[in-house]
Amino acid sequence: MLTRQASRAAEKDVIAQAAAELVRDGDRIMIEAGTTTAGIVRHLGRRRGVQIVTNSTLVFAHARHNAGITVIMTGGTFHRPSESLVGPVALRAIRDFNVRLAFVGTDGFTPQRGLTTQFAEGAEVIAAMSGQADEAWLVTDASKFGRSGVRARARSGRPRRHHHRHHASGRRRRVPAERVPGRAAARLAARVRSATLDGASTTSAIV
């Protein structure tokens, strides 16, 4: 985990800051375990009344000193490599909440296989959080593109209202959910939002 936190740290911070800008005062959000997703909390210092449901011990570590944030831990079995809580207990807790935004990560993305993870329990958490959110956002640095994890991400059966694509102009275009079935959503990922930091491309995207 320490190695992952140090890798592409500057790029991950830019992405986390962009994601944090989507959060409003009084929001209810979910944050899935990951080094980039956990960084979102560090940029919520001026937000008030935010409630975070998370399975990430890193998110808890970042949020515990912020009086403007309420953290709800899912419980579950501790998965040490990802600093996450997974399993049936975590999934039941996630499904008890409805939120406006969910921020999730990935271990790999390819147009052919979509979003993938390295272990099944992680895929289940991503699907559960996405299913309880009005909008689900994938936040990841560009190193994950072109890589494929061993487990395909399971999709939630809950219908979405809209997915959003960001254009260079800053305007958002609404894409009806029925036009983004299955892995088509993943195919949008590489073109959603990009920034440049010291010549390196960083990308955040939607699920």
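The values are calculated or read from the model by the stated rules, or taken from the named source; none is laboratory data. Given the structure is predicted, the values throughout are model-derived calculations rather than measurements. Neighbour counts are summed over all protein chains in view; Cβ atoms, including those assigned to glycine, are modelled from backbone coordinates with ideal geometry. The accessibility values were calculated without ligands, DNA or RNA, using every heavy atom of the protein model including side chains. Shrake-Rupley method; radii C 1.70, N 1.55, O 1.52, S 1.80 Å.
Across region 49-78, the number of residues qualifying as open to solvent by less than 50 Å² (accessible area, probe 1.4 Å), more than 19 Å from residue 133 (Cα to Cα) and either assigned to a strand (DSSP E or B) or in contact (Cβ under 8 Å) with a residue 24 or more places away in the chain (or both) comes to 4.
Yes/no per residue for (1) in a helix (DSSP H, G or I); (2) open to solvent by less than 10 Å² (accessible area, probe 1.4 Å); (3) under 25 Å from residue 24 (Cα atoms); (4) among the polar types (S, T, N, Q):
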| residue | (1), (2), (3), (4) |
| --- | --- |
| 85 | no, no, no, no |
| 89 | yes, no, no, no |
| 93 | yes, no, yes, no |
| 96 | no, no, yes, no |
| 102 | no, yes, yes, no |
| 112 | no, no, no, yes |
| 116 | no, yes, no, yes |
| 121 | yes, no, no, no |
| 124 | yes, no, no, no |
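From the list 101, 85, the one residue that fits, being in contact with a Phe, Trp or Tyr (Cβ under 9 Å, 6 or more places away or on another chain), within 18 Å of residue 23 (Cα to Cα) and modelled with pLDDT of 95 or more, is 101. Against the list (1) β-branched (Val, Ile, Thr); (2) open to solvent by 10 Å² or more (accessible area, probe 1.4 Å); (3) over 18 Å from residue 12 (Cα atoms), the condition residue 35 fails is (3).
Please go through region 36-48 and pick out each residue that is touching a Ser or Thr at 6+ places or on another chain (Cβ under 8 Å) and of a type outside the set (A, V, I, L, M).
Within region 36-48, the subset touching a Ser or Thr at 6+ places or on another chain (Cβ under 8 Å) is 36-38.
36, 37 - these are the residues of region 36-48 that are touching a Ser or Thr at 6+ places or on another chain (Cβ under 8 Å) and of a type outside the set (A, V, I, L, M).
Apart from one condition, residue 40 fits all of (1) open to solvent by 10 Å² or more (accessible area, probe 1.4 Å); (2) touching a residue at least 24 places away in the same chain (Cβ under 8 Å); the exception is (1).
Pairing each residue of region 95-116 that is closer than 20 Å to residue 81 by Cβ and free of Cβ contacts under 8 Å to residues at least 40 places away in the same chain with any residue that is open to solvent by 40 Å² or more (accessible area, probe 1.4 Å) and outside any strand (DSSP E or B), provided the two are 6+ apart or on different chains, yields C-beta distances under 9 Å for 116/148; 116/150.
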